[in-house]
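Engineer: First the structure, which I've put down as structure tokens, then a few questions once you've had a look.
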Amino acid sequence: MRKGQYKFVTGFLFIPVALYLVFVIWPYIQTFGYSLTDWKGQSQTFSFVGLDNYVALFEDDVFLGAVWHNILFLVFIPVITILLALFLAFMVNAGGRSKAGGVAGVAGSKFYKIVYFFPQVLSLAILAVLFGAVYRSDTGGMLNGFLLKLGLIDADRPVEWLNEPNFVLWALIAVVVWHGVGFYLVLFSAAMQSIPKDIYEAALIDGAGRAQSFFRITLPLLWDSVQTAWVYLGIVAMDMFVLVSTMTSGDYGGGPDHHSETMSTVMMRNFLYFGKSGYACAMGVVMLLLTLIVSVVTLRATRRERLEF
């Protein structure tokens, strides 16, 4: 059986690896090559300009502002989403008490899982339309109408949530968190169900409360799932193109006055609107490198000894 194993494995790997090289690795190589030119996108001719596009990037205030916005997304989106998902997963799996006095989820936990997961089945396009109605800048918007009923705003001065520089980023963060919490709730719940109830019951007998059980038992045993969630949410935070381009003002989003720009919106505007395709390719390369750095740093920073149970 060992005699032909290498040919057998090679035969199965050849086509997938070839497809990966052609459709994934080669476009990356092409993008880097174009980033060293003044390619206009539609023209068949272009000149080699070396690192000029990369030098121009770090002198571009709009792009640097977009990098800062992505950093803010990178900090707040994973932290808020993971904390909420962990708390809700703990409550629906171990936040209540059974009739026998043991550990169980809160009453109605199965229903809560379905309700919390519902936003995840919505596409980003539907999400943009839905929250476009929530954030409408007149009193007909859901959020403004609610605040008007509470007497917190005046009817003649509604809040323009997506056109106010101080609010627009937080409004976008709220959409991403609302959309993602349900998925990570299910992810953490599945991981929590593999934790023996005996551990929680032993902690309960020793007098541990919900907070102690969460920080001393649940969080350490779910750390691998938390680490995975952090990487996925970091990648989401480094993109944000669909929501920003559809919900905010300006060509391909980014308004008002570039206060919600992300690297992806600046890149697409330069590529499709301004015709600076070589410059946009340089942005794409920088995005790739930053995403890889974020992923590696996250995995390294959150690495700890695996706990067995």
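The values are calculated or read from the model by the stated rules, or taken from the named source; none is laboratory data. In this text, all values refer to a predicted model and were calculated from it rather than measured experimentally. SASA here: full protein model, heavy atoms, side chains in, ligands and nucleic acids out. Shrake-Rupley method; radii C 1.70, N 1.55, O 1.52, S 1.80 Å.
Engineer: In percent, how large is the relative contact order of the chain, given Cα pairs closer than 8 Å and 6 or more residues apart?
Structural biologist: With pairs under 8 Å counted, the relative contact order is 26 percent.
Engineer: List the residues, sorted by chain then number, that are 5 or more residues from T302 or on another chain and whose placed amide H is less than 5 Å from its amide H.
Structural biologist: Amide H neighbours of T302, under 5 Å, 5+ apart: none.
Engineer: Excluding same-chain pairs closer than 8 in sequence, count the lysine pairs in the chain whose Cα atoms lie under 26 Å apart.
Structural biologist: The result is 6.
Engineer: Sticking with this one: Ignoring ligands, DNA and RNA, how do Y34, Y6, Y28 rank by accessible area with a 1.4 Å probe, largest first?
Structural biologist: Descending accessible area places them as Y6, Y28, Y34.
Engineer: Here is a follow-up. As a test question: what accessible area, to the nearest 10 Å², does T246 have when a 1.4 Å probe is rolled over all protein chains in place?
Structural biologist: 80
Engineer: Over the alpha carbons of the range 99-207, what is the largest minus smallest coordinate on each principal axis, giving the biggest first in Å?
Structural biologist: Between the extreme Cα coordinates on each principal axis of the range 99-207 lie 58, 31, 24 Å.
Engineer: Further question: Counting only residues 5 or more places away or on other chains, whose amide H sits under 5 Å from the amide H of T37 once H atoms are built in the peptide plane?
Structural biologist: Here V49 satisfy the definition.
Engineer: While we're here: Leaving ligands, DNA and RNA out of it, work out the accessible area of K197 with a 1.4 Å probe and give it in Å² to the nearest 10.
Structural biologist: Surface open to solvent at K197 totals about 90 Å².
Engineer: Let me ask something else about it. Read phi for every residue in the range 240-256 and hand back ³J(HN,Hα) as whole Hz from Karplus 6.51 cos²θ - 1.76 cosθ + 1.60, θ = phi - 60°, with x for Gly and Pro.
Structural biologist: Computed from phi, the couplings for the range 240-256 are 6, 5, 4, 5, 5, 6, 9, 9, 9, 7, x, 5, 6, x, x, x, x Hz.
Engineer: Principal axis lengths of the chain from Cα atoms, whole Å, largest first?
Structural biologist: Result for the chain: principal-axis Cα extents of 81, 77, 29 Å.
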